[in-house]
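Worksheet: one structure, shown below.
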Amino acid sequence: MQMSGDAKLWLSLGVYVTRSGGTETFLLFSQDIPSQNLGFVDPKSTTLDLSIAGKDYVIHQSPTILNRPGSTTGAVVWKITPLVADWLARPDNILWASGILSSNSNVLELGCGISGLVGLVLSPLLSRYTLTDQSYVARLVEKNIDENRHLQNPSKPSTSSQKRKGKSSVIQSKADLRFLPLDWELDEVASSLTGDDNKAQSFDVVIACDCIYNDTLIQPLVQTCADVCELRSADKNATDKPAVCLVAQQLRDPEIFEGWIKEFSRYFRVWRVPDIALSEELRSNPGLVVHLGILRDAAETRNQS
Ligand SMILES: C[S@@+](CC[C@H](N)C(=O)[O-])C[C@H]1O[C@@H](n2cnc3c(N)ncnc32)[C@H](O)[C@@H]1O
């Protein structure tokens, strides 16, 4: 699969990560990473007011679900996500400048959590944005999409404000931003995730924000990233640009990071977005990093095993 000249040029500026991942772990963890809380925005509030790319979002989250036994980390918003949403919304962002993102792009997010924030911010700029996570986030993510939808199109008030005024709910879910349950450990990736029988059968970009924190999830997450990017090769209607996987994370534990970068590098050629291409807010928070991956071909992946 070909890459556009601009994307090639940009990736040549990114920091190429060698296959073992050991040097990347050493480089990243030898910087001064201040001790910080786990990385929540605010784990106690049920509502967050977040200003992103000039718009004010109200996000409902659930400290109660967060504290349930089991893995429910997506019940609250994590610090890197509003910063990534803001960075991706900037017209000078390298993904737009290189043509990796465009108004025709079809994007899928893994482990979106209850906020759906990256999708809320980006979807008005794209063709389609599919949020995915485990089904426990569905109720709140749908509420957050619904209540912030008016920010995507100022002429349309949100459904809930209409309900408050006692009007019938005439606003249908817009097809270009939606949530689907997708569990990395249980579910198969299929082109039906695109929700588009006639056109796109694959995604241009896959995004995961703060999804690397547990060693047992590394393999299923990376396999899911690879399976989603692999849809591109079977898509007869797609452009010849490869799918790009963007992984943004807060560095916490060098062993978990190294486990992830090794596994990710088996399937993907990997670049770290250099500081100069990040926003001031992402740069000024040491320990937040963004990597981009482009799927290796199958023979290359076999040789990595
Ligand atoms: C630390 S939270 C980050 C949530 C959101 N991206 C954010 O930054 O606010 C990690 C996310 O990964 C999701 N996750 C964990 N295991 C998963 C699995 N097996 N399948 C799908 N999503 C999973 C969680 O539900 C959670 O939403």
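Laboratory data are not the source of any read-out in this text; all were calculated from the coordinates shown. Model, not experiment: these values are computed from the prediction. Here Cβ is always computed from backbone atoms with ideal geometry, including for glycine, and neighbour counts include all displayed protein chains.
Modelled spin-label separation between SER45 and ARG269, with each label point placed 7 Å from Cα along the Cα-to-Cβ direction: 4.3 nm.
Looking at this model, which pairs from LYS44/LYS79; LYS44/LYS143; LYS143/LYS199; LYS55/LYS199; LYS55/LYS143; LYS79/LYS143 are more than 22 angstrom apart at the alpha-carbon?
Values: LYS44/LYS79 14 Å; LYS44/LYS143 19 Å; LYS143/LYS199 28 Å; LYS55/LYS199 31 Å; LYS55/LYS143 18 Å; LYS79/LYS143 20 Å.
Beyond 22 Å: LYS143/LYS199; LYS55/LYS199.
With both labels modelled 7 Å from their Cα along Cα-to-Cβ, the SER279 to GLU300 distance reads 3.1 nm. When GLU147, GLU185 are arranged by Cβ crowding within 10 Å, least crowded first, meaning fewest neighbours, the order is GLU185, GLU147. Can you compute the FRET efficiency between ASN237 and ALA97 using 1/(1 + (r/R0)^6), with r the Cβ-Cβ distance and R0 = 25 Å? Round to the nearest 0.05. Result of the calculation: an efficiency of 0.45.
For GLU300, GLU258, GLU142, which order do you get if you count the other beta carbons within 10 Å of each Cβ and list the fewest first? Show your work: numbers first, answer last.
Details: GLU300 13, GLU258 19, GLU142 16.
In increasing order of surrounding Cβ atoms, one gets GLU300, GLU142, GLU258.
By count of other Cβ within 10 Å, fewest leading, how are LYS199, LYS44 ordered?
So the residues, fewest neighbours to most, are LYS44, LYS199.
Counting Lys and Arg as +1 and Asp and Glu as -1, each charge on the Cβ, what is the dipole of region 31-80 about the Cα centre in debye, to the nearest 20? Show your work: numbers first, answer last.
Numbers: 4 positive and 4 negative charges, 35 e Å.
Dipole of region 31-80, to the nearest 20 debye: 160 debye.
Could you let me know the centre-to-centre spacing of region 206-278 and region 73-137, using Cα atoms, in angstrom? Here the answer is 14 Å between Cα centres.
Using every pair of separate Cα atoms, the Kirkwood estimate puts the hydrodynamic radius of region 209-305 at 14.4 angstrom.
About its Cα centre, the dipole of region 51-136 is roughly 100 debye, where the only charges are +1 on Lys and Arg Cβ and -1 on Asp and Glu Cβ. Projecting label points 7 angstrom from Cα along Cα→Cβ for SER20 and ASP176 puts them 4.7 nm apart.
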